[in-house]
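Participant: I am attaching a structure below and will ask some questions about it afterwards.
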Amino acid sequence: MKMRSEVNRTPVFTVEGSKPSINGVFVEPESKSHSFDEVIDIIGFGRTTLHIFIASSLVMMSVLNETMGIAIVIPASQCDLGLSPTDKGILTGVSFAGIIVSSHFWGYIADTKGRRCTLIVSLLLTAISALVSGLSINFTMMAVTRFLVGVFISAPSATVFAYLGEFFKTVNRTMVITYASVAVGLSAVFTATTGWYVLSFEWSLALPGTDLILRPWRFLFFVYTFPTLMGAFWLMALPESPKFYLSRGRESEAFAILVRLYLENHPNATSNDFPVKHITPEAGQKDRSIRSRGSGGCWQIASSVWNQTVPLFKRPNLTNFIICCAVQFGLFVVSAGMGLWFPDIINRLTTSNATGLTVCEALDASSSATNGLMFLEGQHTAVVATCNDNVNEQVFVYAITLGGLYTGLYLAMSVLMHKLGRKCLVAFNLFFSGVSGIALQFVDNPYALVALFCSFLVFAGTSISVLNGATVSIFPTNVRAMAVCLTLMMGRLGSVFGSNLVGLIMEQNCTFTFLLFASCSIICAVLTLFLPS
């Protein structure tokens, strides 16, 4: 009986048996085994953890700067680069294409090579590509460099959630990630306010010996890239996720980081005072860490990628993974797909002279007026075409307003997370988003229209980060970054699908368009109820 109990004893991670490891700490075989959440409780919250939180928020802000800031730059660059409407549409979406094609690769790299290393390398490559794009001399160069921006920014767009979450207890991860996601709203405010200021200047500087002329829109790329560089350099001073090290069988390195955090938060303690000598691994994690240590050629790498992906399509991960992908797709369809049309739709609503009309009636009236103007212009024998690269100030006002709403709602959600719970909060947000989209068909007050339209987008958009936090908590460490990357890849597909769908059917059937997108939010609300609490 005694031998059997020893065989069945739960495996633990130790610091190489009883050998001295960290500043003379000896591992006692009979010491209590702690779960990782218990270790986090023992360590507490300190300076390094705060720096990790701030740096991760900065990375989240950088992702939005690089992917959405181009929408402000494109109108200002259209004359210098000779952009057609088709060219502008391609440049708006080419970064998302880069994110989609590279998500699987970066998920594998983050789960096998490390969160921190992946973040630093990808952020530096993103910054280089973004800065080169600011020196573009034609559409082709701009499209290629912005595609590369998407390829490289794909890594931090997902990996940062895994990196940040793994320094906190499971029950707190979603709340912490939601707090950090306030940076998403601040990004919209940052890109709009800096864009408004930089583009208000009129100056040009020709570089001798080249055809390149520096103008404010080129400088704006440098401004948007500054947080990316700042985040990369900040991460260089921070540690790798100890949970990642444990998942790869690198226990000594994980314990070194944990002791460092403990000593930092307990100034009067010594390394001998650190009470943790054994950490209980996740189910099956010991075996995975042993299998992960092999290396080889292309076939081994391909096999490793396959082995890193397959667990997501097996029980117990399969159902949760499918639901996360479906909900993420729907969230991006509404918040990004319809959101890309937000400035245009709001501009048409506010500039229309008609009153007492619903959103679709106002859009139809605006479309009719535009078509009539085009018909009258066609009667002239000569039309002088002048390129106009001025950006309407209303674009900045709308972007700042929407960013402010995102920031406020993220803060509110962070507070309500404790009371309502993650699942109920996301379900409520998405249900309210769907109801707002449906109500747009029946409200004729212009202020109510704008308020409902903003609610329709913002309540769906803020749910994205909460779902990312849920993904980090639901899936095991060894496939966590892969899960976040692949679910976000489905989300980017949703944004491309949604924006193109609006362009195809909005003019022909406005009412059906809003009802379809609102129904998408409600369906996602129901699906989230099937996720673990």
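The values are calculated or read from the model by the stated rules, or taken from the named source; none is laboratory data. Model, not experiment: these values are computed from the prediction. No Cβ is skipped: glycine too gets one built from the backbone with ideal geometry, and neighbour counts run over all protein chains shown. Note: accessible area is taken over every heavy atom of the protein model, side chains too, but ligands, DNA and RNA are not part of it. Shrake-Rupley method; radii C 1.70, N 1.55, O 1.52, S 1.80 Å.
Participant: Which residues, counting only those in the stretch 84-99, are more than 25 Å from the chain's Cα centre (by Cα), under 21 Å from Ser495 (Cβ atoms) and open to solvent by less than 50 Å² (accessible area, probe 1.4 Å)?
Facilitator: Keep residues of the stretch 84-99 that are more than 25 Å from the chain's Cα centre (by Cα), which gives 84-87.
If we keep only those that are under 21 Å from Ser495 (Cβ atoms) too, we end up with 85-87.
Answer for the stretch 84-99, where residues must be more than 25 Å from the chain's Cα centre (by Cα), under 21 Å from Ser495 (Cβ atoms) and open to solvent by less than 50 Å² (accessible area, probe 1.4 Å): just Asp87.
Participant: Filtering the stretch 172-189 down to residues that are among the β-branched types (Val, Ile, Thr) and open to solvent by 10 Å² or more (accessible area, probe 1.4 Å), which residue is farthest from Ile474 (Cα to Cα)?
Facilitator: Let us first name the residues in the stretch 172-189 that are among the β-branched types (Val, Ile, Thr), namely 174, 176-178, 182, 184, 189.
Adding the requirement that they be open to solvent by 10 Å² or more (accessible area, probe 1.4 Å) leaves 176, 182, 184, 189.
Values: Val176: 15, Val182: 22, Val184: 23, Val189: 32 Å.
My answer is Val189.
Participant: How many of the residues in the stretch 192-204 are in contact with a Leu (Cβ under 8 Å, 6 or more places away or on another chain) and open to solvent by less than 10 Å² (accessible area, probe 1.4 Å)?
Facilitator: The initial filter retains those residues of the stretch 192-204 that are in contact with a Leu (Cβ under 8 Å, 6 or more places away or on another chain), namely 194-195, 198-199, 204.
This time we only want the ones that are open to solvent by less than 10 Å² (accessible area, probe 1.4 Å), so: 195.
The qualifying residues number 1.
Participant: Based on what the data block shows, is Leu420 modelled with pLDDT of 65 or more and open to solvent by less than 80 Å² (accessible area, probe 1.4 Å)? Full working, then the answer.
Facilitator: Working: modelled with pLDDT of 65 or more: yes; open to solvent by less than 80 Å² (accessible area, probe 1.4 Å): no.
No, not satisfied.
Participant: With Thr487, Thr513, Thr462 as the choices, which residue is in contact with a Phe, Trp or Tyr (Cβ under 7 Å, 6 or more places away or on another chain) and either over 30 Å from Asp111 (Cβ atoms) or assigned to a helix (DSSP H, G or I) (or both)?
Facilitator: Details: Thr487 fails: in contact with a Phe, Trp or Tyr (Cβ under 7 Å, 6 or more places away or on another chain); Thr513 fails: in contact with a Phe, Trp or Tyr (Cβ under 7 Å, 6 or more places away or on another chain).
The match here is Thr462.
Participant: Is the stretch 152-162 home to any residue that is surrounded by fewer than 24 Cβ atoms within 10 Å (Cβ to Cβ) and over 24 Å from Val466 (Cβ atoms)?
Facilitator: Filtering the stretch 152-162 down to residues surrounded by fewer than 24 Cβ atoms within 10 Å (Cβ to Cβ) leaves none.
The answer is no; no qualifying residue exists.
Participant: Which members of the stretch 119-142 meet the condition of being within 15 Å of Phe221 (Cβ to Cβ) and either surrounded by fewer than 19 Cβ atoms within 10 Å (Cβ to Cβ) or without any contact (Cβ under 8 Å) to a residue 60 or more places away in the chain (or both)?
Facilitator: Quick first cut of the stretch 119-142, residues within 15 Å of Phe221 (Cβ to Cβ) only: 126-137, 141-142.
Ile128, Ser129, Leu131, Val132, Leu135, Ser136, Ile137, Met141, listed by residue number.
Participant: Quick check on my filter: what residues within the stretch 82-93 are under 21 Å from Val395 (Cα atoms) and not basic (Lys, Arg)?
Facilitator: Kept after step one, since they are under 21 Å from Val395 (Cα atoms), are these residues of the stretch 82-93: 83-93.
If the condition is that a residue be under 21 Å from Val395 (Cα atoms) and not basic (Lys, Arg), then Leu83, Ser84, Pro85, Thr86, Asp87, Gly89, Ile90, Leu91, Thr92, Gly93 are the ones that fit.
Participant: Here's a follow-up. So the check is Cβ under 9 Å with 6+ separation or different chains; which pairs have a first residue in the stretch 209-229 that's open to solvent by less than 40 Å² (accessible area, probe 1.4 Å) and a second one that's part of a helix (DSSP H, G or I) and basic (Lys, Arg)?
Facilitator: Sorted first by the residue in the stretch 209-229, then by its partner, the pairs are Leu212/Arg218.
Participant: Take the residues in the stretch 281-324 that are touching a helix residue (DSSP H, G or I) at 6+ places or on another chain (Cβ under 8 Å), open to solvent by 30 Å² or more (accessible area, probe 1.4 Å) and at pLDDT 75 or above, then tell me which one is farthest from Ile474 (Cα to Cα).
Facilitator: Result: Phe313.
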